[in-house]
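For reference, the structure discussed in these notes is given below.
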Amino acid sequence: MKKLLITLLCWAAASASQAQNAPQMDLPRVKLSAGMYLIDTQVASTPEQREIGLMFRQQMPQNEGMLFVFGSPAEQCFWMKNTLLPLTAAFVADDGSIVNLEDMKPQTTDSHCSKKPVRYVLEMNQGWFVKKGIKAGTKLGGEPFAK
């Protein structure tokens, strides 16, 4: 009986640890546009969702990303701890215009910050913005941005 209890406790601890290292795949989604390109984004709006972000994801479709939403504009800084994919962060103002883009290397703790206060950060696969000709000053469209 004691061995069974120890085995069950070890299994529960391993399962909890594995769940903590699982990617979040069930966040709400919103469609954004960048010129003629559509982006399917998961929305990370709570502190917990933003903290996990795209950690532990092994792949992401090309026209998919994650939109981080903050309560008010502020300097936002991101890093890539436990993030396996090379990403580009687009720091986005309230009106949807991209303030700056930052390429980020997987599994690093280098800070990548907005050049001015922003409320939104859109992470996409690295190279997506360049391939589409999207750069600072481009306006994104979609539900979260002021008209």
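The values are calculated or read from the model by the stated rules, or taken from the named source; none is laboratory data. The model shown is predicted, which means the values in this text are computed figures rather than measured ones. For neighbour counting, all protein chains shown are included, and Cβ atoms are generated from backbone atoms with ideal geometry for every residue, glycine included.
Here are some notes:
- For region 55-111, filtering for residues that are hydroxyl-bearing (Ser, Thr, Tyr) and in contact with a strand residue (DSSP E or B) (Cβ under 6 Å, 6 or more places away or on another chain) leaves 3.
- Across region 106-147, the number of residues qualifying as surrounded by 16 or more Cβ atoms within 10 Å (Cβ to Cβ), among the charged types (D, E, K, R) and more than 16 Å from the chain's Cα centre (by Cα) comes to 1.
Quick grid of which residues meet (1) closer than 21 Å to residue 21 by Cβ; (2) aliphatic (A, V, I, L, M); (3) at pLDDT below 95:
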| residue | (1), (2), (3) |
| --- | --- |
| 56 | yes, no, no |
| 61 | no, no, no |
| 70 | no, no, no |
| 113 | no, no, no |
| 118 | no, yes, no |
| 131 | no, no, no |
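- When each of 106, 23, 61 is tested for being free of Cβ contacts under 8 Å to residues at least 60 places away in the same chain, part of a loop (DSSP other than H, G, I, E, B) and touching a Leu at 6+ places or on another chain (Cβ under 6 Å), the lone residue that passes is 106.
- Applying a threshold of 6 Å to beta carbon distances and a minimum spacing of six or more residues, or different chains, the list of pairs starting in region 82-97 at a residue that is free of Cβ contacts under 8 Å to residues at least 60 places away in the same chain and surrounded by 15 or more Cβ atoms within 10 Å (Cβ to Cβ) and ending at one that is assigned to a strand (DSSP E or B) and among the polar types (S, T, N, Q) reads 91/100.
- Complete set of residues in region 64-79 that are part of a loop (DSSP other than H, G, I, E, B) and aromatic (Phe, Trp, Tyr): 79
- For residue 140, the test of being outside any loop (DSSP other than H, G, I, E, B) and more than 25 Å from residue 22 (Cβ to Cβ) is passed.
- All positions within region 86-103 that are among the aliphatic types (A, V, I, L, M) and either within 21 Å of residue 23 (Cβ to Cβ) or part of a strand (DSSP E or B) (or both): 87, 89, 90, 92, 98, 99, 101
- Filter pass, residue 83 being in contact with a helix residue (DSSP H, G or I) (Cβ under 7 Å, 6 or more places away or on another chain), under 21 Å from residue 24 (Cβ atoms) and either of a type in the set (S, T, N, Q) or assigned to a loop (DSSP other than H, G, I, E, B) (or both): no
- Checking the stated criteria, residue 78 turns out to be buried (at least 20 other Cβ atoms within 10 Å of the Cβ) and touching a His at 6+ places or on another chain (Cβ under 8 Å).
- When region 44-64 is filtered for residues that are in contact with a helix residue (DSSP H, G or I) (Cβ under 8 Å, 6 or more places away or on another chain) and under 18 Å from residue 91 (Cβ atoms), only 44 remains.
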